[in-house]
Structure formats: structure tokens, C-alpha cells
Amino acid sequence: MLPVVESITGPQREVVSIYNDDFATPLSRPQYFIKVYRCVQVDFGECPSSGPSGYPVPKNIEKIEIVVPDITKGNDRNSTNKTKFYNYVVYNHTSCKCGTLKFRASTLYQTITNNEVSEAEYIADCTKNPVNLIHRCHSHACKPQKRYRFTHIDAVRPSTYLAYKQCFPGSVALKNNTSTVPVTLINNKVKFVNLTSDISCKAYDGKNAEPQLCSKPTTKSTRNRLQLQRKISL
């Protein structure tokens with residue numbers, strides 16, 4: 001991953017699911033969470049306070065590729081009863097600019113029409129996956145993860161996104177804090193947002209821990225993975 005300097009108005013660190021922006025996991029896939037950087041903050045005067053192009057969006061991004069197996073068991077498996085494997089792509093923001101919300105939404109995850117890969121490709125590339133942070137939540141205290149919540153399309157910057165912390169899905173929030181945050185809109189009205197932030201979490205029961213996906217050393221990748229760290233200008 002390319003180095004990112006975290007600043008007030010640059011990309012901010014966030015933990016995300018590799019599948020979607022809802023911190024959720026499909027039933028047929030293993031839970032997988034990674035650290036990325038996302039454009040969520042702009043300071044006063046950096047972008048227009050109103051209009052469609054006043055939101056923090058990436059200027060440069062990089063691809064992070066992850067391969068995972070289908071973990072469906074029993075009668076719910078596919079007709080061939082063979083394990084299938086899939087490739088997912090998450091975008092990491094390395095620098096920011098002003099843009100539209102629609103554009104930003106297109107720079108979170110890559111939509112792949114057919115993301116199935118062969119078993120050979122999975123075996124070759126699995127150990128190149130980024131660290132799955134869910135595995136740090138099994139045998140010791142779980143820390144809540146930094147996230148960002150979108151507030152309102154007409155929120156005056158920099159209140160478009162609010163930072164909070166969330167326990168991994170499946171773990172237990174031992175302590176949290178809920179606050180009501182006033183968000184000023186461009187029409188000078190005020191919207192109140194209830195924001196719950198987890199303070200401490202209970203670790204997973206080891207019996208229910210997510211399995212490690214790569215159990216054996218792998219050979220050299222059969223696919224060109226150089227694009228994993230490729231910087232893309234937008």
C-alpha cells in the first residue's frame with residue numbers, strides 16, 4: 001500500500017468491509033475487514049460550501065485486491081459441490097480533491113461483473129491478501145474501529161461526514177456513547193444527528209473465530225498483481 005500522510009483535510013484512516021460500505025458480510029463469504037484511507041474531510045474554503053462539486057473525493061487511488069473462498073456448507077452449496085473462489089477490489093484514497101458524491105461512491109469498491117477466480121489463482125494470490133483485522137479480535141481485547149458516517153447532502157463542510165467508532169460485527173460493545181450532533185445545512189437550517197460511538201468491545205469466542213484463509217505457503221502468482229499497488233490519477 002502506498003504511504004499516506006494523514007492530515008486534517010487529507011485521506012483519513014477507516015476500517016471497512018471488503019464487500020460493501022455497510023460493514024456487512026454476505027452469508028456465503030468469510031468476514032473480512034481491512035484498513036484503508038478515504039477522503040471524508042475538507043476544511044472551510046477548500047471546496048464550495050454548496051453545489052454538486054463541493055465534496056471530498058479522491059484525486060488519486062490505488063487498488064487493493066483480495067481473494068476469498070465461498071464458505072457455504074451442506075445443502076446450500078452449488079450443484080457441483082465444489083468450493084468456488086472470488087476476487088474483490090477495494091479502493092484506497094491517497095490524495096483528495098473536490099468533486100461530486102456520485103463520483104465518490106464510484107471510488108469505494110470496484111464493481112466486477114464476474115469476480116469468480118480459479119482455485120489455482122486463489123492459492124497463488126491468497127497470501128498476498130492484506131491483513132484481515134477480524135483475526136485481531138479473537139484472543140485478546142477487541143478495539144472499536146474508526147468509521148465515518150455521512151450526514152446530509154446539504155451539510156455545510158466539514159460536517160458532511162462524522163467520525164465514530166464501531167465494534168466488529170459479531171462482537172459485543174461493552175460500552176458506548178450516544179451524542180446528538182448539530183449539523184448546519186446550506187439553507188442555515190440545523191439537522192440533529194444521533195451518533196453512537198463504541199468505546200470498548202468484547203472479543204470473539206475462539207470457537208467461533210473466522211478461519212485463516214491461507215494455510216499453506218504459495219507459489220509465485222499466476223496473475224499479474226502489479227496493479228495492486230498501482231497509483232491511478234482520476
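Data table
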{"quantity": "Rounded accessible area per residue of the stretch 95-208, 1.4 Å, Å²", "calculated": "57"}
{"quantity": "Portion, in percent, of the accessible area of the stretch 137-205 that falls on carbon or sulfur, probe 1.4 Å", "calculated": "51"}
{"quantity": "Area accessible to solvent at residue 159, 1.4 Å probe radius, in Å²", "calculated": "30"}
{"quantity": "Rounded FRET efficiency, nearest 0.05, which uses the C-beta distance separating residue 83 from residue 21 and R0 of 22 Å", "calculated": "0.20"}
{"quantity": "Full-extension gain in nm, residue 106 to residue 199, via 0.36 nm per residue minus C-alpha separation", "calculated": "30.4 nm"}
{"quantity": "Cleavage-rule hits (trypsin sites (Lys or Arg not before Pro)) in the stretch 144-190: DSSP loop, at most 12 neighbouring Cβ within 10 angstrom", "calculated": "189"}
{"quantity": "Rounded to whole Hz, the Karplus (6.51, -1.76, 1.60) HN-Hα couplings of the stretch 115-121, x for glycine and proline", "calculated": "9, 6, 10, 6, 5, 5, 5"}
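The values are calculated or read from the model by the stated rules, or taken from the named source; none is laboratory data. Computed from a prediction, not measured in an experiment: that's the story for all the values here. Using ideal geometry, Cβ is built from the backbone for each residue, glycine included, and neighbour counts are taken over all protein chains shown. Ligands, DNA and RNA are excluded from the accessible area calculation, which covers all protein heavy atoms including side chains. Shrake-Rupley method; radii C 1.70, N 1.55, O 1.52, S 1.80 Å.
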